[in-house]
Amino acid sequence: MPPEPRLLLVDNQRSRPPLALRRALDERGAGWVEVRYDALGGAAGERYDGVVLSGTGVSPHDAPQLYDDEMTLVRTTPRPLLAICGGFQVVCLAYGGELAPVEPIYGRTPVERSADDEIFAGLPRRFTAFSKHRFGVRSAGDELTPLATHASGLVYAARHPRRPLWGVQFHPERRQQGARVLDNFLAAVCQDHRREAS
């Protein structure tokens, strides 16, 4: 029997670890190893079956150079990857996207899907998620396909068209409808893991 899948959880906070995200992964029985964004150099080559990028403590809009190693990981990992909030902004920068400061958004937020995708399986076209950010994705870049938008016109979710790589501006680890996104991502990790093991 193959071992259970293991996630690489990239902690993009500077002082406070992403407790809600760790708790949500634990509740779903996901195994994970946490590595800070500024210590990725030695960890990126370790064996993992999926990658989760947390929200950020320092915006990639203000200091993109902090996330150089992470952008390399984003562009090169063959494993399923889910990027959350500031992590999504890192992904978009890695693929030539554009970020912009916005009026702070905090709390329950309506999300409008603009495309069907497995990451949204079981969710209606419009759903509610939890958001907390001061910068947003104005453009996801040429290589990513937008999947959802916010009323402000920001890109709220995107994916790579040829790889299992997704990013969402909201926090699926918070207990709104968006939590289904985390379940769907973990299902994709398990499917990829079974395929690799067979």
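The values are calculated or read from the model by the stated rules, or taken from the named source; none is laboratory data. Because the structure is predicted, anything quoted here is derived from the model rather than measured. Quick reminder, even Gly has a Cβ in these numbers, built from the backbone with ideal geometry, and neighbours come from all protein chains shown.
Could you tell me whether any residue of the range 141-149 is in a helix (DSSP H, G or I), among the small types (Gly, Ala, Ser) and touching a helix residue (DSSP H, G or I) at 6+ places or on another chain (Cβ under 9 Å)? No, the range 141-149 contains no residue that is in a helix (DSSP H, G or I), among the small types (Gly, Ala, Ser) and touching a helix residue (DSSP H, G or I) at 6+ places or on another chain (Cβ under 9 Å). How many residues, within the range 71-112, are charged (D, E, K, R), more than 14 Å from HIS61 (Cβ to Cβ) and either surrounded by fewer than 19 Cβ atoms within 10 Å (Cβ to Cβ) or free of Cβ contacts under 8 Å to residues at least 40 places away in the same chain (or both)? Of the residues in the range 71-112, 4 are charged (D, E, K, R), more than 14 Å from HIS61 (Cβ to Cβ) and either surrounded by fewer than 19 Cβ atoms within 10 Å (Cβ to Cβ) or free of Cβ contacts under 8 Å to residues at least 40 places away in the same chain (or both).
If I ask for residues that are assigned to a loop (DSSP other than H, G, I, E, B), hydroxyl-bearing (Ser, Thr, Tyr) and either buried (at least 17 other Cβ atoms within 10 Å of the Cβ) or modelled with pLDDT of 95 or more (or both), which ones from the range 150-175 would you list?
Filtering the range 150-175 for residues assigned to a loop (DSSP other than H, G, I, E, B) gives 150-154, 160-164, 169-175.
Filter once more, keeping what is hydroxyl-bearing (Ser, Thr, Tyr): 152.
Passing the criteria: none in range.
Of the listed requirements (1) surrounded by 18 or more Cβ atoms within 10 Å (Cβ to Cβ); (2) of a type outside the set (Val, Ile, Thr); (3) in contact with a strand residue (DSSP E or B) (Cβ under 8 Å, 6 or more places away or on another chain); (4) more than 19 Å from ARG162 (Cα to Cα), LEU66 misses just one: (3). When LEU73 is tested against the conditions (1) closer than 20 Å to VAL10 by Cα; (2) at pLDDT below 90, the lone failure is (2). For the condition under 21 Å from ARG180 (Cβ atoms) and either at pLDDT 90 or above or surrounded by 13 or more Cβ atoms within 10 Å (Cβ to Cβ) (or both), ARG125 qualifies. For the range 130-179, name all the residues that are under 20 Å from LEU81 (Cα atoms) and in contact with a Pro (Cβ under 6 Å, 6 or more places away or on another chain). Matches in the range 130-179: ALA140, THR145, VAL155, ALA158, PRO164, GLY178, ALA179. Just one of the numbered conditions (1) more than 20 Å from ARG22 (Cβ to Cβ); (2) among the aromatic types (Phe, Trp, Tyr); (3) at pLDDT 95 or above is not true of TYR106: (3).
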